[in-house]
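A.B. asks: I'd like to ask some things about the structure below.
The values are calculated or read from the model by the stated rules, or taken from the named source; none is laboratory data. Just so you know, these numbers come straight off a predicted model, no measurement behind them. Virtual Cβ from ideal backbone geometry, glycine too; neighbours counted across all protein chains shown.
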Amino acid sequence: MICEDIAAFAAALPRDRAVAGLDLGEKTIGVAVSDRRLSVATPLETIRRKKFTLDAEALLAICAKREIAGLILGLPMNMDGSEGPRCQSTRAFARNLERLTEMPIAFWDERLSTVAAERALLEADTSRKRRSEVIDHVAAGYILQGALDRIGHLRREA
């Protein structure tokens with residue numbers, strides 16, 4: 001089920017289950033996971049993309065192993081707020097994934113998440129080689145944390 005907004009996504013989640021955040025790239029998928037209270041995002045791993053079927057299989061295996069209840073996909077909006085080809089590709093990935101799982105799926109504006117991840121890794125004095133290995137799942141962590149913060153805010157308002 002693809003949720004139109006983060007409030008609908010939060011409402012569709014079972015209690016005390018983690019969610020995953022994804023940073024979809026052309027060559028990789030960065031994966032981050034939350035705790036069961038939906039408060040902290042932790043970068044997990046990067047999946048090297050092959051073809052959709054294999055990518056989805058790897059992703060769903062992670063979800064099963066970690067008892068993930070929902071997916072947040074980073075939506076690569078243009079800086080002016082419009083959607084370009086990368087957004088269309090992300091939405092197509094979500095539609096294809098929706099056929100394979102009953103987990104709720106939502107989108108989160110990922111503008112500048114990779115920039116923030118790169119900055120954090122530079123501040124941590126991470127080597128260039130190591131940055132290239134972890135940048136995608138660190139960016140997924142930034143995407144997921146933004147969504148978790150919004151979910152927490154919605155729950156406090158309720």
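A.B. asks: Test Ala32 against the stated conditions and say whether it is farther than 16 Å from Ile143 by Cβ and part of a strand (DSSP E or B).
C.D. replies: Details: farther than 16 Å from Ile143 by Cβ: no; part of a strand (DSSP E or B): yes.
Here the answer is no, as Ala32 does not meet what is asked.
A.B. asks: Sticking with this structure for a sec: Give the range 3-29 a look and list any residue that's touching a Leu at 6+ places or on another chain (Cβ under 7 Å) and in a strand (DSSP E or B), or say none.
C.D. replies: Answer for the range 3-29, where residues must be touching a Leu at 6+ places or on another chain (Cβ under 7 Å) and in a strand (DSSP E or B): Val19, Ala20, Gly21, Leu22, Leu24, Ile29.
A.B. asks: Could you check how many residues of the range 75-110 are at positive phi and in contact with a Ser or Thr (Cβ under 7 Å, 6 or more places away or on another chain)?
C.D. replies: Kept after step one, since they are at positive phi, are these residues of the range 75-110: 81.
The next check asks that each one be in contact with a Ser or Thr (Cβ under 7 Å, 6 or more places away or on another chain); those that pass are none.
Qualifying residue count for the region: 0.
A.B. asks: Related question: State all residues of the range 25-51 that are of a type outside the set (Asp, Glu) and farther than 16 Å from Cys63 by Cα; if no residue qualifies, say none. First the steps, then the outcome.
C.D. replies: Start the filter on the range 25-51 by keeping residues that are of a type outside the set (Asp, Glu), which leaves 25, 27-34, 36-44, 46-51.
Across the range 25-51, the qualifying residues are Gly25, Lys27, Thr28, Arg37, Ser39, Val40, Arg48, Arg49, Lys50, Lys51.
A.B. asks: Residues of the range 115-158 being among the β-branched types (Val, Ile, Thr) and either touching an Asp or Glu at 6+ places or on another chain (Cβ under 8 Å) or at pLDDT 90 or above (or both), which ones?
C.D. replies: Just the residues of the range 115-158 that are among the β-branched types (Val, Ile, Thr), to begin with: 115, 126, 134-135, 138, 143, 151.
Listed by number, the residues that qualify are Ile135, Ile143, Ile151.
A.B. asks: Hey, another quick one. Looking only at residues that are among the charged types (D, E, K, R) and surrounded by 13 or more Cβ atoms within 10 Å (Cβ to Cβ) in the range 1-34, which one is nearest to Trp108 (Cα to Cα)?
C.D. replies: In this case the residue turns out to be Asp23.
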